[in-house]
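This report concerns only the one structure given below.
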Amino acid sequence: MQVRQSIHSDHAKQLDTAGLRREFLIEKIFEKNAYTMTYSHIDRIIVGGVMPIEKTVTVGDEVGKQLGVSYFLERRELGVINIGGPGLIVVDGKTYEIGKEEALYVGKGARQVEFSSVDAQHPAKFYYNSAPAHTRFPDKKVTLAEASPQTLGDPASSNRRTINKFLVPDVLETCQLTMGLTKLEEGNLWNTMPCHTHDRRMEVYFYFDMDEETAVFHMMGEPQETRHLLVHNEQAVISPSWSIHAGVGTKRYTFIWGMVGENQVFNDMDQVPVSALR
């Protein structure tokens, strides 16, 4: 398990490219027949991926000691979105079939979670976020049709996109974790611009659906102290609550967002007009 410390905004101003990448970029999300796990002290979110191919990958008691508990989800909730081939997730003996662009919420207290692919030639790729939880809500699968969609932007601004909200109060109850998947329309390159901050929540962006020569310039930093990270396929960026989070790609792409913090009000944000950015 990788561990990332909280970074003060004054500290972030002093970081060079290597320093920004070290603190905020997660370069490796998927490993074959294994899970990855990055623990951020920013709201104690855990970010990672599971890529089972020929064998089942299990997450259970083995990470408990690192978290100060007996097992992974003893005091945590989990959100998973599959970006690969069809897969299976078994939660304490109950099996869920999770296809591409489908999600599963797993409530606090699940002892063992097992991940497998239906077809090793087209393996599942389970991207996940986990947050501390105070109570248990029921496990639930959410399909793309069951998500709450919102289409924003326009081609003139190159930001026409559909936000598919999977884990939000309108769809199901969680303690604090919210997640969704945003698709840009062909020919559109910007996400979340004009940008915003939200002091009451941190956020993680996971970029995917990109070829080898496609990249996203992810904008971060305080609105008057902006920086950028060059992000490639299947990499994630940790965004503190004081930071903007927006990106522009060399081609269209898709990304998953996950938020953890004080509330789950989706539009609780502080808008930053483009004219105010520096």
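Here are the numbers for this structure:
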read-out	value
Residue that is farthest from Ser130 (Cα to Cα) [pool: residues in the stretch 60-83 that are of a type in the set (Val, Ile, Thr) and surrounded by 23 or more Cβ atoms within 10 Å (Cβ to Cβ)]	Ile81
Qualifying residue in the stretch 100-111 (condition: within 20 Å of the chain's Cα centre (by Cα), of a type in the set (Phe, Trp, Tyr) and assigned to a loop (DSSP other than H, G, I, E, B))	no
Residues being touching a Leu at 6+ places or on another chain (Cβ under 7 Å) and crowded, with 20+ Cβ neighbours inside 10 Å - total across the stretch 238-253	2
Pick from the stretch 137-161, criterion free of Cβ contacts under 8 Å to residues at least 40 places away in the same chain and part of a strand (DSSP E or B), ranking: surrounded by the most Cβ atoms within 10 Å (Cβ to Cβ)	Arg161
Residue check for Gln224: surrounded by 18 or more Cβ atoms within 10 Å (Cβ to Cβ) and touching a residue at least 24 places away in the same chain (Cβ under 8 Å)	no
Matching residues in the stretch 117-133 - criterion: being surrounded by 21 or more Cβ atoms within 10 Å (Cβ to Cβ), more than 13 Å from the chain's Cα centre (by Cα) and part of a strand (DSSP E or B)	Ser117
Filter result for Ile89 (within 17 Å of the chain's Cα centre (by Cα) and either in a loop (DSSP other than H, G, I, E, B) or hydrophobic (A, V, I, L, M, F, W, C) (or both))	no
Residue count for the stretch 179-221, restricted to those that are free of Cβ contacts under 8 Å to residues at least 60 places away in the same chain, in contact with an Asp or Glu (Cβ under 9 Å, 6 or more places away or on another chain) and closer than 23 Å to Ile7 by Cβ	1
Test for Gly249: is it within 25 Å of Gln5 (Cα to Cα), touching a residue at least 40 places away in the same chain (Cβ under 8 Å) and not hydrophobic (A, V, I, L, M, F, W, C)	no
Residues of the stretch 29-47 classified as over 13 Å from Lys125 (Cα atoms) and part of a loop (DSSP other than H, G, I, E, B), total	6
Selected residue [touching a Cys at 6+ places or on another chain (Cβ under 7 Å) and among the acidic types (Asp, Glu)] from Glu77, Glu54	Glu77
Residue check, Met259 touching a residue at least 60 places away in the same chain (Cβ under 8 Å), within 18 Å of the chain's Cα centre (by Cα) and closer than 14 Å to Met193 by Cα	no
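Residues are listed down the side, and each one gets a yes or a no for (1) part of a loop (DSSP other than H, G, I, E, B); (2) closer than 21 Å to Ala12 by Cβ:
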| position | (1), (2) |
| --- | --- |
| Thr135 | yes, no |
| Ile163 | no, no |
| Phe206 | no, yes |
| Phe217 | no, yes |
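No value in this document is a laboratory result; all are computed from the given coordinates. All of these numbers come straight from a predicted model, not from anything done at the bench. Counting neighbours? That spans all protein chains shown, and the Cβs are built from the backbone with ideal geometry, glycine included.
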